[in-house]
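Student: The structure under discussion is supplied below as structure tokens; questions concerning it will follow.
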Amino acid sequence: MSVGSVSIRTRMANGSTFVDLRVSHPMESGQRKDKSGLVIPSWYLTNMDLYHNDKRIGALELGPLVSRNPAISVVLNGGEVDDVIKVTWIDNRDKVGEKSATLG
Amino acid sequence: MQRRDWIKKTSASGIAALTSGTVLGDAASKYDQTVADLVGGDKITLDERVELLVPEDAANGAVVPVGVFSSVPDTVKIVLLVHDHSRAKVASLDTSNPMLAPRFSTHLQLIEATTVTALVQSKSGWFSQSARVKTLGESCEK
């Protein structure tokens with residue numbers, strides 16, 4: 001997976017929709033050093049927004065203590081087959097991305 | 001003073017300063033400051049309706065699973081914090097939209113023996129739950 005690529009897995013059960021997100025991202029804190037002793041610059045996701053049928057339903061703020069290639073799980077109250085879940089992200093280098101998935 | 005004695009003395013005082021003074025003191029004040037910025041002067045109540053799921057011993061400090069579930073009515077925000085670290089705020093989730101359940105999980109990069117706190121904001125105030133995590137393997141640096 002390239003940096004910023006997102007995978008979305010969903011499953012519906014008991015009136016809820018379980019959404020598992022995984023973003024390919026280094027999540028560098030800016031506090032580690034490479035083999036030559038140089039500080040590895042920070043590079044981490046700062047915000048993710050979650051949409052249900054194009055309506056924003058949640059906002060997630062992230063910091064550099066979240067693990068590399070973060071896996072994030074949230075739960076929606078409701079959800080129907082063919083509903084569209086979308087996630088957008090931005091990192092501290094102002095790179096952005098998004099991904100959608102259809103419930104089914 | 002002999003060179004050997006001087007080295008022993010300065011090494012000991014340096015280690016003492018690192019472990020009990022400046023570094024940990026700064027991290028602790030970062031946590032306090034972050035909480036103060038979040039809640040202002042509001043009271044935070046320890047509440048069992050905030051469930052914080054973290055392992056007591058994490059085999060790999062680079063990937064420590066953490067989950068938060070709030071059954072506090074009208075939860076509008078969940079914030080994850082760590083103590084003893086230069087950056088206290090780990091993540092937060094705005095759950096004010098009724099479509100989104102007040103729960104989420106992810107993985108953290110933690111230093112050894114860190115306390116994780118989940119802060120929950122509801123229309124009736126702030127609630128919290130904390131847990132100590134000991135990492136047994138690889139972890140991030142402070």
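Student: B:Gly41 versus (1) within 14 Å of chain A (Cβ to nearest Cβ); (2) open to solvent by 40 Å² or more (accessible area, probe 1.4 Å); (3) farther than 26 Å from A:Tyr44 by Cα: which is the lone unmet condition?
Tutor: (1)
Student: Please work out which one of (1) facing another protein chain (nearest Cβ under 7 Å); (2) outside any strand (DSSP E or B); (3) without any contact (Cβ under 8 Å) to a residue 40 or more places away in the chain is the condition B:Arg103 fails and give its number.
Tutor: Answer for B:Arg103: the failing condition is (2).
Student: Does B:Thr34 fit the bill of being touching a residue at least 24 places away in the same chain (Cβ under 8 Å), closer than 30 Å to A:Ile40 by Cα and either open to solvent by 30 Å² or more (accessible area, probe 1.4 Å) or not in a strand (DSSP E or B) (or both)?
Tutor: yes
Student: If a residue has to be more than 9 Å from every other protein chain (Cβ to nearest Cβ) and touching a helix residue (DSSP H, G or I) at 6+ places or on another chain (Cβ under 8 Å) to count, how many in the range B:70-87 make the cut?
Tutor: Step one: filter the range B:70-87 for residues more than 9 Å from every other protein chain (Cβ to nearest Cβ), giving B:70-78, B:81, B:83-84.
Next, only the ones that are touching a helix residue (DSSP H, G or I) at 6+ places or on another chain (Cβ under 8 Å) stay: B:81, B:83-84.
Counting residues in the range B:70-87 that are more than 9 Å from every other protein chain (Cβ to nearest Cβ) and touching a helix residue (DSSP H, G or I) at 6+ places or on another chain (Cβ under 8 Å) gives 3.
Student: Right, something else. I'd like the full set of residues that are open to solvent by less than 20 Å² (accessible area, probe 1.4 Å) and either in contact with a Leu (Cβ under 7 Å, 6 or more places away or on another chain) or in a strand (DSSP E or B) (or both), limited to the range B:70-84.
Tutor: B:Ser70, B:Thr75, B:Ile78, B:Val79, B:Leu80, B:Leu81, B:Val82
Student: I've got another one for you. Do you know which residues across the range B:106-123 are among the aliphatic types (A, V, I, L, M) and either within 19 Å of B:Pro55 (Cα to Cα) or within 9 Å of chain A (Cβ to nearest Cβ) (or both)?
Tutor: The answer is B:Leu108, B:Leu110, B:Ile111, B:Ala113, B:Val116, B:Ala118, B:Leu119.
Student: Modelled with pLDDT under 95, of a type in the set (S, T, N, Q), farther than 17 Å from A:Tyr44 by Cβ and open to solvent by 50 Å² or more (accessible area, probe 1.4 Å) - does that describe any residue in the range B:97-118?
Tutor: no
The values are calculated or read from the model by the stated rules, or taken from the named source; none is laboratory data. Bear in mind that the values here come from a model prediction, so they are computed numbers and not experimental data. Please note: Cβ atoms are built from the backbone with ideal geometry, for glycine as well, and neighbour counts cover all protein chains shown. The area values use the complete protein model at the heavy-atom level, side chains included, leaving out ligands, DNA and RNA. Shrake-Rupley method; radii C 1.70, N 1.55, O 1.52, S 1.80 Å.
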